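Q: My questions will all concern the structure given below.
The values are calculated or read from the model by the stated rules, or taken from the named source; none is laboratory data. The structure displayed is predicted, hence computed values, not measured ones. FYI the Cβ positions are ideal-geometry reconstructions off the backbone, even for glycines, and counts take in every protein chain you see. Side chains included, ligands, DNA and RNA excluded: accessible areas come from the protein's heavy atoms. Shrake-Rupley method; radii C 1.70, N 1.55, O 1.52, S 1.80 Å.
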Amino acid sequence: MFPDERGRFGEFGGKYVPETLMSALVELEADYRRLASDPEFSRLLRSYLRDYSGRPTPLYFASRLTEFAGGAKIYLKREDLNHTGAHKINNTLGQGLLAKMTGKQRVIAETGAGQHGVATATVAALFGLQCTVFMGEEDMERQALNVFRMRLLGAEVIPARSGTKTLKDATNEAIRHWVEHVEDTYYIIGSVVGPHPYPMMVRDFQRVIGDETREQIIEQEGRLPDALVACVGGGSNAMGLFYPFLRDGNVRLIGVEAAGEGIETARHAATMAKGSRGVLHGSMTLLMQDEFGQVQPAHSISAGLDYPGIGPEHAHLAKSGRASYEPITDQEALDAFTTLTQVEGIIPALESAHAIAYAVKLAKTLPADDLMVVNLSGRGDKDVHTVERLIGGSLQ
Amino acid sequence: MTMRGQTAIEQAIRNCYKRTAFIPFVSAGDPNEDVSYRILLELAQFSDVIEVGIPYSDPLADGPAIQAGSLRALQAGMTLPKALRLIARVRAVSDVPLVVFTYVNPVVQYGVDALMQACADAGADGLIIPDLPFEESAETREAAVRHDLALIPLISLTSHERVQMIAASATGFAYCVSSLGVTGERASFATELRAFVDAVKRASSVPVAVGFGVSSPLHVRELAEFADGVIVGSAIVRRCEDIQNALSSGDAARLDDSIEALSQFARELSEAGR
């Protein structure tokens, strides 16, 4: 199974970081492996996931969305019902507990839409840790409410003013800060990106999504699904859903990436469609870059997908053909946002709306007895303001 | 024929005898290609080795001063091939050993062996790749040997038991990072710095230089007590901002003065190592 002992998923992954961080990564991997096999750590994490975050999240048969699409049966994995409103808490509870049990007093995080920042600030409050979150200055404006939530939770939010002032640069700033404070600070990365062991660790903390889905679909339908659909920015909710199904060759795995204004334009975040091999934020992966290796800015209506790279395990799954990746535009995501809201009474996060948009397209082409599970990775409260600005006038 | 490559770097530092080698850093093309060429020639007069940075969009080992220098160069249209052309221009008129400082992604995109070939063709003598740790560097080390280029590794205060392995792999020189954090000017150094540098010296067969935070002639004097060389980046790159301001003023005399000021600063740093 991947990763190998060098932290590689095939040709992707590894540890491309300044030397100052290398000892910390080696130590982190050892701590993680020790705690992952410690029954007390597992017991504590399970109890927080259940009693604090509300797991297991339901697997809901969306009959009206199924009818709307007119094809395969669509199930929604309701990660939006987690505490703090998204799947991010699965990982921050895991890493927060790891930080606490290894004696760290302070955690830092990067955030795009603010969901991971809120989830980190939440566990920092829960475990009594100091918390600093780096967020792109532009994202702080787009997601002002989440900035306030983090501050309410006691976190310090530091604007990343370099580069494109979005998630990519917030991650750079978090890494720069970590290099300076590596001796007493734990860095909680929010997705399956970064240097080894992060992609492995975040995947392991998110696999609870897929493990539950597997049990729930067997209970409700008596068999495995035919397709799994999830949005990908860095790719943590998709990796968490896909991972327990990697060996089930009959289950199609489909990641949905942000095509922004269209993959034929310069404004998108479709790393799989348009990216090439290279190093971003500590791992060999696929990223959007020019011919000289300068990282290109990404664009998406959704701040959480607005990232020019992708987790190395996804790059490997794409290369090996085990998973496929499909682009969905801002407009398609916006349409799916209102569709799901109106036919099911569920307001999805704009990130998750990308997955819904593709699922509806795909379901139409499949027979009625096919089963599809879509990861509803987060709820849309944080996006209501953005959507109001875009379509508010048309609702009278 | 003058020697080149890793031997050129190692000898240039060893030849300093009683003084410490002076190794300035500038971003290629900061503030533009022609002025950068003039700056490099000025520095060449006082330098034992020069580090030439390839400007990069995401320089995560660098603090604000070098980020800004990198951005100035990119905005003026600098690219990796143009930086190599700039190095070749300097090499045509100077023997000073030149080290290419680049993040790993442009190396991957260019192709490891192709870039080494291009560096050697341009007359560069070695490379520093700050986000390529020992464990990921096997292919690059082999290519460097093929093209007789030094691959200068960074060693940090947190390297601990990794020091031996990294120092033993060093060619050209070993680069000790003075303190935790990114590049940038600092007021003082960690108290354990001297013991750390001594440990690296024991583990290494090449000279040992110290960088990150070295900002003044006073710092250089302090480090000259125990380091074979000192690297000064941010304090020099910050002065390139004055040069850009002079450049955009369109006043040729002011531009000359700003370059002269940088040159004077480099001379003071270099002499402080005596």
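Q: Before rounding to the nearest 500, sum -39500 (n - 2.57) across all DSSP H runs of length at least 4 in chain B and divide by the residue total; then give [θ] at 222 nm in deg cm²/dmol.
A: Counting only the DSSP helices, I get -15500 deg cm²/dmol.
Q: Further question on the same structure: Find how much the distance from A:E183 to A:A368 grows on full extension, using 0.36 nm per residue of separation minus their present alpha carbon separation; answer in nm with one decimal.
A: 61.0 nm
Q: To continue, here is another question. Most mobile of B:L180, B:L115, B:L86 per a Gaussian network model of chain B (Cα springs, under 10 Å)?
A: Checking each option, the largest mean-square fluctuation is seen for B:L180.
Q: Around A:A144, what is the net charge, scoring Lys/Arg as +1 and Asp/Glu as -1 over all other residues with Cβ under 15 Å from its Cβ?
A: -1
Q: How do A:R223, B:R19 stack up against each other in accessible area, from largest to smallest, with a 1.4 angstrom probe?
A: Details: A:R223 85, B:R19 60 Å².
Descending accessible area places them as A:R223, B:R19.
Q: Please identify, among A:I217, A:I209, A:I310, the residue showing maximal mean-square fluctuation in a Gaussian network model of chain A using a 10 angstrom Cα cutoff.
A: A:I217
Q: Can you tell which of A:E257, A:E27, A:E79 shows the greatest fluctuation in a Gaussian network model of chain A with Cα springs below 10 Å?
A: A:E27
Q: What 222 nm value per residue comes from the helices of chain A, counting each DSSP H run with n ≥ 4 as -39,500 (n - 2.57) and dividing by all residues, nearest 500 deg cm²/dmol?
A: Helices in chain A give a 222 nm mean residue ellipticity of -13000 deg cm²/dmol.
Q: Would the protein assembly as shown count as rounded, prolate or oblate if I go by the C-alpha gyration tensor, calling it rounded below 1.5 in a/c and otherwise prolate when a/b exceeds b/c, oblate otherwise?
A: prolate
Q: Could you tell me the relative contact order of the range B:135-254? Use alpha-carbon pairs under 8 Å, at least six residues apart, and round to a whole percent.
A: The value is 21 percent.
Q: Normalised by the number of residues in chain B, what is the relative contact order in percent for Cα pairs under 8 Å and 6+ residues apart? Walk me through the numbers on the way to the answer.
A: Values: 549 pairs, mean separation 63.9, N = 274.
Relative CO of chain B lands at 23 percent.
Q: With an 8 Å Cα cut-off and a minimum separation of 6 or more residues, compute the relative contact order for chain A in percent. Each step should come with its number before you reach the end.
A: Values: 866 pairs, mean separation 80.9, N = 396.
It rounds to 20 percent for chain A.
Q: What figure, in Å² to the nearest 10, do you get for the accessible area of A:R379 with a 1.4 Å probe and non-protein molecules left out?
A: 90
Q: Grab the other residues whose beta carbon is less than 14 angstrom from that of B:H219, score K and R as +1, D and E as -1, and report the net.
A: Combined, the nearby Lys, Arg, Asp and Glu give -2.
Q: Quick one: net charge around A:L167, please, counting Lys, Arg +1 and Asp, Glu -1 for every other residue with C-beta under 9 Å from its C-beta.
A: -3
Q: Using a 1.4 Å probe and counting only protein heavy atoms, how much accessible surface gets buried when B and A come together, both sides summed, in Å² to the nearest 100?
A: 2800
Q: Per residue of A:286-298, count partner chain C-beta atoms within 10 Å of its C-beta, then hand back the mean as an integer.
A: Across A:286-298, the average partner-chain Cβ count within 10 Å equals 5.
Q: Which whole number gives the average, over all residues in B:48-59, of C-beta atoms from other chains lying within 10 Å of the residue C-beta?
A: The shielding value for this peptide is 4.
Q: In whole percent, and with a 1.4 Å probe on the protein chains, what portion of the accessible area of the protein assembly as shown is carbon and sulfur?
A: The value for the protein assembly as shown is 50 percent carbon and sulfur by accessible area.
Q: Further question: Using a/c under 1.5 as the rounded threshold, could you call the range A:260-396 rounded, prolate or oblate? The axes a ≥ b ≥ c are square roots of the C-alpha gyration tensor eigenvalues, and prolate needs a/b larger than b/c, oblate otherwise.
A: Since a/c reaches 1.5 but b/c is at least a/b, the shape of the range A:260-396 is classed as oblate.
Q: Let a ≥ b ≥ c be the square roots of the eigenvalues of the Cα gyration tensor of chain A; is it rounded (a/c under 1.5), or, if not, prolate (a/b larger than b/c) or oblate?
A: Note, shape of chain A comes out rounded.
Q: Now for a different question. What figure, in Å² to the nearest 10, do you get for the accessible area of A:S324 with a 1.4 Å probe and non-protein molecules left out?
A: Number for this one is 50 Å².
Q: Relative to the longest principal Cα axis of chain A, at what angle does helix A:22-36 sit, 0 to 90 degrees, rounded to 10?
A: Roughly 60 degrees between the two axes.
Q: Which peptide among B:249-260, A:137-148, A:270-281 comes first, and what is the full order, when sorted by highest mean count of other Cβ atoms within 10 Å?
A: In descending order of packing, they fall as A:270-281, A:137-148, B:249-260.
Q: Where only protein heavy atoms count, and the probe is 1.4 Å, what is the accessible area per residue for the range B:1-136 in Å²?
A: Details: 4410 Å² over 136 residues.
I get 32 Å² per residue for this part.
Q: To the nearest 10 Å², what's B:T2's accessible area with a 1.4 Å probe?
A: Approximately 70 Å² of B:T2 is accessible to the 1.4 Å probe.
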